[in-house]
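One structure follows; several queries about it will come next.
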Amino acid sequence: MKIIGLTGGIGSGKTTVAKMFEELGVPIYNSDLEAKKLMHTSKTIRKKLVDLFGETAYQDGKLNRSYIAKSVFNDPKLLKRLNKIVHPVVRKHFVKWSETQNAPYVIQETALLFENDAQGLYDKVILVTAPMEVRIKRLLERDNATREEILARMNNQLEDSKKLPLADYVIENVNLEKTSAKVDEIHSRILDFY
Ligand SMILES: CC(C)(COP(=O)(O)OP(=O)(O)OC[C@H]1O[C@@H](n2cnc3c(N)ncnc32)[C@H](O)[C@@H]1O)[C@@H](O)C(=O)NCCC(=O)NCCS
Ligand SMILES: Nc1ncnc2c1ncn2[C@@H]1O[C@H](COP(=O)(O)OP(=O)(O)OP(=O)(O)O)[C@@H](O)[C@H]1O
């Protein structure tokens with residue numbers, strides 16, 4: 001089974017694209033979602049997060065996402081420490097998950113791939129892009145976030161110009177119909193390739 005990475009900056013449309021692949025029967029692992037679940041269920045992560053952020057890291061037993069987000073996205077060193085706690089556990093969990101899947105290929109959707117220099121872990125990498133202003137507009141509409149909060153996350157991610165040369169396939173996600181056609185094309189190319 002082949003392992004395909006699907007990445008893109010915040011608001012580019014990774015989850016939208018992942019759903020299109022899912023409709024074609026491809027198993028999808030959503031790293032943001034699984035990271036959050038693991039931050040909730042893993043006792044080791046919980047302990048490390050409380051050590052790093054204090055008891056406020058959890059509120060009523062639940063991960064205090066807004067507090068953590070506020071703390072890390074303007075503090076690169078703290079973000080690095082958070083990533084160091086969460087990412088290795090997600091990686092292990094993904095590998096275990098992939099071993100239970102029965103398909104020609106699976107996709108790991110992850111916001112941070114090139115940022116973590118992780119391209120070597122994948123057979124192919126798909127990059128989703130969209131102009132910055134389009135992404136900001138989508139996120140203002142989707143989330144209860146301010147422009148500053150969105151920009152703070154973007155500042156902790158690589159620019160598209162640095163990611164483009166590293167990707168095997170690029171999906172410019174502006175028009176959903178075109179995106180869907182591109183997904184079909186990439187799906188066929190991956191199946192033909194292996
Ligand atoms: C800080 C947290 C609690 C904020 O939760 P929140 O629900 O607001 O955001 P969510 O996880 O859904 O992420 C939304 C988007 O924010 C951006 N983002 C999230 N984590 C990071 C990060 N560590 N570095 C840069 N951008 C990030 C990504 O574009 C992501 O798609 C959460 O993002 C987190 O725990 N991040 C660390 C783990 C991580 O790296 N997750 C992403 C890939 S495994
Ligand atoms: N081509 C498109 N046209 C219009 N709206 C879109 C398009 N693609 C995605 N969207 C919308 O933009 C928002 C962001 O898309 P999505 O959640 O797929 O991005 P993401 O890259 O997974 O975001 P995040 O990094 O925050 O996890 C969603 O509300 C989605 O419905």
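Which number in (1) more than 14 Å from the chain's Cα centre (by Cα); (2) away from ligand 1 (no atom under 13 Å from the Cβ) marks the one condition that residue 75 misses?
(2)
Right, residue 144: of a type in the set (S, T, N, Q) and open to solvent by 70 Å² or more (accessible area, probe 1.4 Å) or not?
yes
Could I ask something else about it? Inspect all residues belonging to the stretch 52-66 and state whether any of them is small (Gly, Ala, Ser) and within 16 Å of ligand 2 (Cβ to nearest atom).
yes
Is it the case that residue 48 is away from ligand 2 (no atom under 16 Å from the Cβ), of a type in the set (Lys, Arg), surrounded by 19 or more Cβ atoms within 10 Å (Cβ to Cβ) and not assigned by TED's automatic domain parsing to the domain that holds residue 137?
In short, yes.
Same structure again: Can you report the number of residues in the stretch 104-136 which are of a type in the set (A, V, I, L, M, F, W, C) and open to solvent by 20 Å² or more (accessible area, probe 1.4 Å)?
So the count comes out to 4.
If you scan the stretch 139-190, which residues turn out to be in a helix (DSSP H, G or I), away from ligand 2 (no atom under 14 Å from the Cβ) and among the hydroxyl-bearing types (Ser, Thr, Tyr)?
161, 188
Moving on to the next point. Restricting to the stretch 147-165, what's the tally of residues that are crowded, with 18+ Cβ neighbours inside 10 Å and either assigned by TED's automatic domain parsing to the domain that holds residue 65 or in contact with a strand residue (DSSP E or B) (Cβ under 8 Å, 6 or more places away or on another chain) (or both)?
Qualifying residue count, the stretch 147-165: 2.
Conditions tested, residue by residue: (1) assigned by TED's automatic domain parsing to the domain that holds residue 161; (2) open to solvent by less than 60 Å² (accessible area, probe 1.4 Å); (3) within 11 Å of ligand 1 (Cβ to nearest atom).
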{"site": "3", "(1), (2), (3)": "yes, yes, no"}
{"site": "17", "(1), (2), (3)": "yes, yes, no"}
{"site": "38", "(1), (2), (3)": "no, yes, yes"}
{"site": "52", "(1), (2), (3)": "no, yes, no"}
{"site": "60", "(1), (2), (3)": "no, no, no"}
{"site": "85", "(1), (2), (3)": "no, yes, yes"}
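The values are calculated or read from the model by the stated rules, or taken from the named source; none is laboratory data. Source: prediction; values computed, not measured. When we count neighbours, we look across all protein chains shown, and the Cβ atoms used for this are built from the backbone with ideal geometry, even at glycine. Surface accessibility is based on the protein's heavy atoms, side chains included, excluding ligands, DNA and RNA. Shrake-Rupley method; radii C 1.70, N 1.55, O 1.52, S 1.80 Å.
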